[in-house]
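Chemist: If you scroll down you'll find the structure; I have some questions about it.
The values are calculated or read from the model by the stated rules, or taken from the named source; none is laboratory data. What you see is a predicted model, and the numbers here were worked out from it, not measured in a lab. For neighbour counting, all protein chains shown are included, and Cβ atoms are generated from backbone atoms with ideal geometry for every residue, glycine included.
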Amino acid sequence: MSLMAFILRRKIQTKPHVFHQTLLYSTAPSIKSSNNQRIEKILIANRGEIACRIIRTAKRLGIRTVAVYSDADRDSLHVKSADEAFRIGPPPARSSYLNSSAIIEAANRSGSQAIHPGYGFLSESADFAQLCEDEGLSFIGPPASAIRDMGDKSASKRIMGAAGVPLVPGYHGDEQDIDFMKLEADKIGYPILIKPTHGGGGKGMRIVQSPNEFADSFLGAQREAAASFGISTILLEKYITKPRHIEVQIFGDKQGNIIHLYERDCSVQRRHQKIIEEAPAPNVSSDFRSHLGQAAVSAAKAVNYHSAGTVEFIVDTVSGQFYFMEMNTRLQVEHPVTEMIVGQDLVEWQIRVANGEPLPLTQSEVPFSGHAFEARIYAENVPKGFLPATGVLHRYCPVTVTSAVRVETGVVEGDTVSMHYDPMIAKLVVWGQDRLAALIKMKDCLSKFQVAGLPTNIDFLIKLASHRAFQNGEVETHFIERYKDDLFIDGANSISAQEAESASKHAASIVAACICQKELATLKDKASGGLHLWYGNPPFRVHHFAKRKVDLEWENQYNNSGSDLLTVSITYLPDGKYLVETGESNSPDLEIQVTPLSNNDYRVEVNGLSLNVCLAAYSKVVSKCSDLLLSQGSPGNSLSTLPG
């Protein structure tokens, strides 16, 4: 038998839901842009899910789309989805998606009138935005001047301070002498936060608890900033010990109108990167929400902003005060949660604003309905510090999309998650009438989201969303660290290790029974003449019951040395059941009844328990997923069959 990995997931039965109908602004006539040229073709200077998401809206508006791709993305979903696609270089981002001249050349060759940068890559490059304008191309985003003003965190804080936007106490000046900076840190008071003036993603950030830590932390932050962003300048801020990360979606047009579309809470992060976002923010008053929105609009007006933008605030949960942190001059990864509660398509708004049209709504007209969550599904090894993972998506079956459930993705089954780019596989976005309804829906959808072939954070997201504090909306940026004992596996816990082993053996038995049921049906369909007898249920044998053995490889998170081997023996019983034996005294033999429901769905009865199982399988020795098997539900443990 080929080497195969199996993962077992229980299907959760849900009651019918009343779905929120997302309304899209698409009825107003289009106004020509300032250069008297309406946008009819857009080049998307990005890849993955955001490129696919932009293409989807553009096509709905009747706008032709052009994709760009590196050699690693030649067969990617965004390339296949666009009307045209142009190669822009080898896999490294600096040679392709950051290659502005190649992107401009592709835009000119394709006859595009506009470029949408998506997020990341060149989306916050003032030089690229200016280059687009110089080439006669419409940059679907803010003016280059706003990107430049907000891209320098020190300069942006000076601008915000002048505009009356609250700031965290700190030093945001140009002087970078270490002795001078140390004196400024003493004035601010410890603990302090050292952070680069440019870039993001947590790179170069240091928390300094006392003066004797300052010099090493400051120099280390400078080195990392220079290596990551090419600029080593640093700013200092008072460190908020128990903060929340709340951001406001703003939108402006070229006529000077700026509104906000409420806030998102993005406090739950790992490695300074968001993994669950929600809108609106939980446990905030209407007055707080109003003041936050007004501050965000003031920030945008201070730099004559237009298009989509996000003003990020840090909220001191002790004092209740909020402070300006930074402004992201682009569409955010998490923009869909805002779209779900306001019923608007923000990419469409971006295109219309780039065409010179006014905003479709005034502040008082912005709707507000329900609650939405976004969970980012990553290819990563959670027990190893969320280490990014690469590999083939041998099994990739997202949940069904409805008006209340969105899956933003740029991959399909069989694609490879590359080492060259961010390992995010998909964004699961759900809406509910209130926070509890949305949370229940998110957990249900996560439990049904099937990915096999490489490790993901799905089980971790389920644990996180199920935590009592998260369910109560008690979120802050140190949430994962604060509750790490609840969220992570303790490899030294022998009791937990034994429970995991027992659960995996039980799961292995169910997997083995489902394998047999699937294979019997497959072989019987292929058999001819009297051979059907040998593939019945049970298969016919002379003087004995049909038997087989399967060796399973268990990727045990409690065993750092590698995988464990599980061997199960399957006997085909006369009544159509399967007797599955592990051969170990601490793991009882199981009689399992498997009833097919559909192609990969089964009803399994074992030890008085009846449950639905979805089955899938893939072979690790070939590039394509075989149509055989599936998954294991115990968090973090997977099973693979070995040739036998």
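Chemist: Looking at segment 138-182, which of its residues are crowded, with 18+ Cβ neighbours inside 10 Å and of a type in the set (Phe, Trp, Tyr)?
Modeler: Residues satisfying the conditions are Phe139, Tyr171.
Chemist: Tally time: how many residues in segment 210-228 are surrounded by fewer than 14 Cβ atoms within 10 Å (Cβ to Cβ) and modelled with pLDDT under 90?
Modeler: 1
Chemist: Let me ask something additional. Quick check: anything in segment 455-469 under 16 Å from Phe373 (Cβ atoms), in contact (Cβ under 8 Å) with a residue 12 or more places away in the chain, surrounded by fewer than 23 Cβ atoms within 10 Å (Cβ to Cβ) and in contact with a His (Cβ under 9 Å, 6 or more places away or on another chain)?
Modeler: Within segment 455-469, none of the residues are under 16 Å from Phe373 (Cβ atoms), in contact (Cβ under 8 Å) with a residue 12 or more places away in the chain, surrounded by fewer than 23 Cβ atoms within 10 Å (Cβ to Cβ) and in contact with a His (Cβ under 9 Å, 6 or more places away or on another chain).
Chemist: Return the total of residues in segment 59-73 being out of contact with any strand residue (DSSP E or B) (no Cβ under 9 Å at 6 or more places or on another chain) and in a strand (DSSP E or B).
Modeler: 0
Chemist: Considering only segment 295-343, state which residues are acidic (Asp, Glu) and within 29 Å of Ala51 (Cβ to Cβ).
Modeler: Residues satisfying the conditions are Glu312, Glu326, Glu334, Glu339.
Chemist: So Asp127 passes all but one of these: (1) assigned to a helix (DSSP H, G or I); (2) modelled with pLDDT under 95. Which condition number does it fail?
Modeler: (2)
Chemist: Here is a follow-up. When you look at Phe488, is it more than 26 Å from Ile55 (Cβ to Cβ), outside the structural domain of Pro92 (by TED's automatic domain parsing) and buried (at least 17 other Cβ atoms within 10 Å of the Cβ), yes or no?
Modeler: For Phe488, the condition - more than 26 Å from Ile55 (Cβ to Cβ), outside the structural domain of Pro92 (by TED's automatic domain parsing) and buried (at least 17 other Cβ atoms within 10 Å of the Cβ) - is not met.
Chemist: Since Lys41 meets every condition but one in (1) in contact with a Ser or Thr (Cβ under 6 Å, 6 or more places away or on another chain); (2) buried (at least 23 other Cβ atoms within 10 Å of the Cβ); (3) touching a residue at least 60 places away in the same chain (Cβ under 8 Å), which condition does it not meet?
Modeler: For Lys41, the failing item is (2).
Chemist: Picking from Ile207, Ile240, Ile231, which residue would you name as being aliphatic (A, V, I, L, M), part of a loop (DSSP other than H, G, I, E, B) and either surrounded by fewer than 19 Cβ atoms within 10 Å (Cβ to Cβ) or free of Cβ contacts under 8 Å to residues at least 40 places away in the same chain (or both)?
Modeler: Within the list Ile207, Ile240, Ile231, the selection yields Ile231.
Chemist: If you check Leu428, Leu436, which single one turns out to be in contact with a helix residue (DSSP H, G or I) (Cβ under 9 Å, 6 or more places away or on another chain) and not in a strand (DSSP E or B)?
Modeler: Being in contact with a helix residue (DSSP H, G or I) (Cβ under 9 Å, 6 or more places away or on another chain) and not in a strand (DSSP E or B) holds for just one of Leu428, Leu436, which is Leu436.
Chemist: Quick one: in segment 411-443, which of the residues that are over 19 Å from Phe386 (Cα atoms) and touching a Phe, Trp or Tyr at 6+ places or on another chain (Cβ under 6 Å) is surrounded by the fewest Cβ atoms within 10 Å (Cβ to Cβ)?
Modeler: Here the answer is Glu413.
Chemist: Quick test for you: out of Phe180, Phe218, pick the one residue that is part of a helix (DSSP H, G or I), of a type in the set (A, V, I, L, M, F, W, C) and more than 28 Å from Ala126 (Cα to Cα).
Modeler: Of Phe180, Phe218, the one residue that is part of a helix (DSSP H, G or I), of a type in the set (A, V, I, L, M, F, W, C) and more than 28 Å from Ala126 (Cα to Cα) is Phe180.
Chemist: Quick test of your reading of the structure: Glu263 fulfils all but one of (1) surrounded by fewer than 14 Cβ atoms within 10 Å (Cβ to Cβ); (2) part of a strand (DSSP E or B). Name the failing condition by number.
Modeler: Going through the list (1) surrounded by fewer than 14 Cβ atoms within 10 Å (Cβ to Cβ); (2) part of a strand (DSSP E or B), Glu263 breaks only (1).
Chemist: Could I ask something else about it? Can you spot a residue in segment 367-376 that is at positive phi, modelled with pLDDT of 95 or more and surrounded by fewer than 19 Cβ atoms within 10 Å (Cβ to Cβ)?
Modeler: Yes - at least one qualifying residue is present in segment 367-376.
Chemist: From (1) part of a loop (DSSP other than H, G, I, E, B); (2) within 19 Å of the chain's Cα centre (by Cα), pick out the condition that doesn't hold for Asp490.
Modeler: So Asp490 meets the others, but not (2).
Chemist: Which numbered condition trips up Glu135, out of (1) among the acidic types (Asp, Glu); (2) in contact (Cβ under 8 Å) with a residue 60 or more places away in the chain; (3) surrounded by fewer than 18 Cβ atoms within 10 Å (Cβ to Cβ); (4) in contact with a helix residue (DSSP H, G or I) (Cβ under 7 Å, 6 or more places away or on another chain)?
Modeler: Among (1) among the acidic types (Asp, Glu); (2) in contact (Cβ under 8 Å) with a residue 60 or more places away in the chain; (3) surrounded by fewer than 18 Cβ atoms within 10 Å (Cβ to Cβ); (4) in contact with a helix residue (DSSP H, G or I) (Cβ under 7 Å, 6 or more places away or on another chain), the lone unmet condition for Glu135 is (2).
Chemist: All but one of (1) in contact with a helix residue (DSSP H, G or I) (Cβ under 7 Å, 6 or more places away or on another chain); (2) surrounded by fewer than 24 Cβ atoms within 10 Å (Cβ to Cβ); (3) under 19 Å from Tyr119 (Cβ atoms) hold for Asn328; state the number of the condition that does not hold.
Modeler: Only one criterion is unmet by Asn328, namely (1).
Chemist: How many of the residues in segment 362-406 are touching a residue at least 40 places away in the same chain (Cβ under 8 Å), in contact with a strand residue (DSSP E or B) (Cβ under 7 Å, 6 or more places away or on another chain) and assigned to a strand (DSSP E or B)?
Modeler: Within segment 362-406, residues that are touching a residue at least 40 places away in the same chain (Cβ under 8 Å), in contact with a strand residue (DSSP E or B) (Cβ under 7 Å, 6 or more places away or on another chain) and assigned to a strand (DSSP E or B) number 18.
Chemist: Any residue in segment 546-562 that is assigned by TED's automatic domain parsing to the domain that holds Ser509 and among the aliphatic types (A, V, I, L, M) sitting within a Cβ distance under 9 Å of a residue that is exposed (fewer than 13 other Cβ atoms within 10 Å of the Cβ) and at pLDDT below 80? List the pairs, counting only those 6 or more apart or interchain.
Modeler: Cβ pairs passing all conditions: Ala546/Phe540; Val550/Gly644; Leu552/Leu565.
Chemist: Taking the condition of being among the β-branched types (Val, Ile, Thr) and not in a loop (DSSP other than H, G, I, E, B), how many residues in segment 304-345 meet it?
Modeler: So the answer is 8.
Chemist: So how many residues does segment 393-410 have that are buried (at least 20 other Cβ atoms within 10 Å of the Cβ) and not hydroxyl-bearing (Ser, Thr, Tyr)?
Modeler: 9
Per-residue answers, yes or no, for (1) aromatic (Phe, Trp, Tyr); (2) touching a Phe, Trp or Tyr at 6+ places or on another chain (Cβ under 8 Å); (3) part of a strand (DSSP E or B):
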residue	(1), (2), (3)
Val268	no, yes, yes
Ile275	no, yes, yes
Asn283	no, no, no
Gly293	no, yes, no
Ser298	no, no, no
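Chemist: Sticking with this structure for a sec: Could you grab the pairs with beta carbons closer than 9 Å, sequence gap of 6+ or different chains, first residue in segment 76-97 and within 17 Å of Thr57 (Cβ to Cβ) and in contact (Cβ under 8 Å) with a residue 12 or more places away in the chain, second one basic (Lys, Arg) and surrounded by 20 or more Cβ atoms within 10 Å (Cβ to Cβ)?
Modeler: Partner pairs satisfying both residue conditions: His78/Arg47.
Chemist: Please determine, by comparing only the residues of segment 183-193 that are in a helix (DSSP H, G or I) and in contact with a Pro (Cβ under 8 Å, 6 or more places away or on another chain), which one is surrounded by the most Cβ atoms within 10 Å (Cβ to Cβ).
Modeler: This residue is Ala185.
Chemist: Taking Glu348, is it outside the structural domain of Ile194 (by TED's automatic domain parsing) and in a strand (DSSP E or B)?
Modeler: No; evaluated as a whole, the condition is false for this residue.
Chemist: Just need a number here: residues in segment 558-604 that are at pLDDT 90 or above, of a type in the set (S, T, N, Q) and surrounded by fewer than 17 Cβ atoms within 10 Å (Cβ to Cβ).
Modeler: 2
Chemist: Within segment 112-125, does at least one residue satisfy the condition of being outside the structural domain of Gln321 (by TED's automatic domain parsing), over 28 Å from the mean Cα position of the chain (by Cα), on the phi < 0 side of the Ramachandran plot and of a type outside the set (Asp, Glu)?
Modeler: The answer is yes, given that some residue of segment 112-125 is outside the structural domain of Gln321 (by TED's automatic domain parsing), over 28 Å from the mean Cα position of the chain (by Cα), on the phi < 0 side of the Ramachandran plot and of a type outside the set (Asp, Glu).
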